[in-house]
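Novice: Structure incoming, see below.
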Amino acid sequence: MDGVIFVIFGASGDLAVRKLIPAIYELYQGKYLPENFAVLGVSRSKYTDAAFRKKVFYDSQFIKLSAKEKKAQKDFADRLSYTAIQTAEKKDYAKIKKQLAKMDKQFGIGGNYIFYLSTPPFLYTTIPACLAAHGLNEEKDGWRRLVVEKPFGYDLETAIALNRDLQQHFDEDQIYRIDHYLGKETVQNLLVTRFSNGIFEPLWNRNYIEHVQITNAENLTVGSRGGYYDKSGALRDMFQNHLMQIVAHVAMEPPISADAKAIRDEKLKLLKSIRPIKEEDVSKQVVRGQYTSSKIDGQIVNGYRQEEGVPDTSKTETYAAIKFFIDNWRWADVPFYVRTGKGLPTKVTEVVITFKDPPHALFRKEEMVYNDNNQLIIRIQPNEGLLLKFGMKVPGAGFEVKDVGMDFQYADLTNAHVPAAYERLLLDVIKGDATLYARGDSVEEAWRFVEPILSAWKNNPKIKVYGYPVGTWGPAVSSKLIESEDVTWRNPVQELTTGDDFSELS
Ligand code: BG6
């Protein structure tokens, strides 16, 4: 594998400390990294190399080793260095260039650099331009890659502008837009389940599937992130990126091969086939909610408007449920229902495929216990796995049918280490494999779908924001979105509170 220097902008920030350095360490520990590698932290705060190593490695609570064990990992710590710059100052990048040249020589890197932007988004255009001004985007003596974290824009217009700015200095195939959901094993497994088995794909279409649900629930509330979240909301924070990517994995056509281009082409095609929701239909197809205060286990939990940094009159959605259709041969008329929310009863992400009833109900009687459709539940997190629900005969007289489940859990595999999303994604960028990164055109396409919803919410004050008490499954009206006769949202756990104040918020 080629040697590489991993340059992290925003190296003293939360993401670097909590996710990036621990992921790099795990990869190092598992011997996945090239022998010649090093990390250069860059940010405004002043640290010496030693102070940086202490902060992100020796004192890090996110790398779970004892002090003695960490001491023994001196080889790893010695590969971490730090350079302080004013990030928006073009001339300061000369310091980075000099430091890179020094480290390149010391570790025998061969000129390959990954620039990881773990910074506030307003720097996403500044940093690439400054790197380019010093020739650090050029691939004359080694490769150069740029990794960008979401948000990729704030709406369609800013997303297009961001792509244009990035592509002005780096070619699209040098740009890696990270979506950590794509690094999750089970999101990748959606493709394997569908395309490496002969039994699912023949049923994976409008002839057999009644509807598709995707639930992304978090029990955490917004807490101290109110300042950021209030400008974002669930649609921008979760739906436009992570959930649209999951939709693409569930619904795309089989790619012609497993390479990055083939898979990303199919995902783009799928995103283009989603029928846009007209602004006037937003109140029919989308439910927006905001959590309100409730009492869980005797404790009062804050409502969204009581969170730090959130205005009392905020209409920002902490919950969204969306119904949409995909206009192609496979999915015509099959409704997709996707919901995401904070302050729900548990943390879970799952895809539920509900199959149609058999055409002729031979065993269906009034008194029968079983009246559920077949469902395939793909659990993305936690307890990653698959569950297939179907009807079985209850032993004894007659033909009583009971709903039973056949399940597989990742935890049952002998080699059950499910790598953290960042580990997989960082290794892929080192290898130059962009399959699990979002391509610029599909990011824009996802914004194109979300845009009319955002714009209707902004321009039409009559569209309701429904309150839901923390610990419930979101606004009660969201169950009305689902058209099915006998199936509604699958709620994997019960509500945590009996609060029933689902009133409309003004
Ligand atoms: C992030 C969002 O992208 O994903 C957060 O900004 C959210 O608001 C997080 O909590 C959820 O990620 P995960 O991996 O914990 O499901």
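Novice: Could you please state, rounded to a whole Å, how far the C-alpha centre of segment 70-135 is from the C-alpha centre of segment 230-285?
Specialist: If you average the Cα positions of each part, the centres end up 34 Å apart.
Novice: What angle, in degrees between 0 and 90 and rounded to the nearest 10, separates the Cα long axis of helix 421-431 from the longest principal axis of the Cα atoms of the chain?
Specialist: Taking the Cα atoms of the chain, the angle to 421-431 is about 50 degrees.
Novice: Debye sum, Cα scatterers, segment 387-428, no solvent: what log₁₀ I/I(0) at q = 0.24, 0.25, 0.33, 0.34 1/Å?
Specialist: Evaluating at q = 0.24, 0.25, 0.33, 0.34 Å⁻¹ gives log10 I(q)/I(0) of -0.85, -0.87, -1.03, -1.05.
Novice: Here is a follow-up. Show log10 I(q)/I(0) for segment 26-75 at q = 0.14 Å⁻¹, two decimals, from a solvent-free Debye sum over equal Cα scatterers.
Specialist: -0.41
Novice: Subtracting the Cα-Cα distance from 0.36 nm times the residue separation, let me have the gained length for residue 269 to residue 164 in nm, one decimal.
Specialist: Numbers: separation 105, 0.36 × 105 = 37.80 nm, distance 2.10 nm.
Contour length minus the Cα-Cα distance gives 35.7 nm.
Novice: While we're here: In nm, what is the difference between 0.36 nm times the number of residues separating residue 392 and residue 483 and their Cα-Cα distance?
Specialist: Working: separation 91, 0.36 × 91 = 32.76 nm, distance 2.60 nm.
Stretched fully, the residue 392-residue 483 segment lengthens by 30.2 nm.
Novice: Rounded to the nearest 0.05, what FRET efficiency is calculated for residue 98 and residue 29 with R0 set to 22 Å and r the Cβ-Cβ distance? Don't skip to the answer; put the middle values down first.
Specialist: Details: r = 30 Å, r/R0 = 1.38.
According to the calculation, E is roughly 0.15.
Novice: Determine the alpha carbon to alpha carbon distance for each of 272/323; 68/150; 315/347; 55/347; 184/431; 54/97 and list only those over 26 Å. Walk me through the intermediate numbers first.
Specialist: Details: 272/323 16 Å; 68/150 37 Å; 315/347 23 Å; 55/347 30 Å; 184/431 18 Å; 54/97 24 Å.
From 272/323; 68/150; 315/347; 55/347; 184/431; 54/97, over 26 Å: 68/150; 55/347.
Novice: Find the Rg to Rh ratio for segment 1-136, where Rh is the Kirkwood radius over alpha-carbon pairs and Rg uses the same atoms.
Specialist: With Rg and the Kirkwood Rh in hand, the quotient comes to 0.95.
Novice: Could you please report the charge total around residue 392, scoring K, R as +1 and D, E as -1 over all other residues with beta-carbon less than 9 angstrom from its beta-carbon? Show your work: numbers first, answer last.
Specialist: Numbers: positive: 393, 402; negative: 403.
Combined, the nearby Lys, Arg, Asp and Glu give +1.
Novice: Considering Cα pairs under 8 angstrom that are at least six residues apart, work out the relative contact order of the chain and quote it in whole percent.
Specialist: Working: 929 pairs, mean separation 84.2, N = 506.
Normalised by residue count, the contact order of the chain is 17 percent.
Novice: Now, a different point. Could you line up 66, 43 from fewest to most neighbouring Cβ atoms inside 10 Å?
Specialist: Working: 66 8, 43 21.
The most exposed by this proxy come first: 66, 43.
Novice: For segment 76-189, report the translational diffusion coefficient in µm²/s to the nearest whole number, using Stokes-Einstein at 25 °C, 0.890 mPa s, and a Kirkwood Rh over Cα pairs. Write down the numbers at each step before the final one.
Specialist: Values: Rh = 15.4 Å.
For the chosen part, D equals 159 µm²/s.
Novice: Which three numbers, in whole Å and largest first, are the semi-axes of the equivalent ellipsoid of segment 199-324 derived from its Cα gyration tensor as √(5λ)? Don't skip to the end; give the middle numbers.
Specialist: On the way: eigenvalues 240, 51, 48 Å².
Here the semi-axes work out to 35, 16, 16 Å.
Novice: I want to check the label-to-label distance for residue 155 and residue 140. Put each point 7 Å from Cα in the C-beta direction and report it in nm to one decimal.
Specialist: Result for the modelled spin labels: 4.3 nm.
Novice: Under Stokes-Einstein, with the Kirkwood radius over Cα pairs standing in for Rh, what whole-number D in µm²/s applies to the chain at 20 °C and 1.002 mPa s? Spell out each step's value before the answer.
Specialist: Values: Rh = 24.7 Å.
The calculation lands on 87 µm²/s.
We did not get these values from a lab; they are worked out from the coordinates using the rules stated. For clarity, every value in this text was computed on a predicted model and none was experimentally measured. We place every Cβ from the backbone using ideal geometry, glycine too, and count neighbours over all the protein chains shown.
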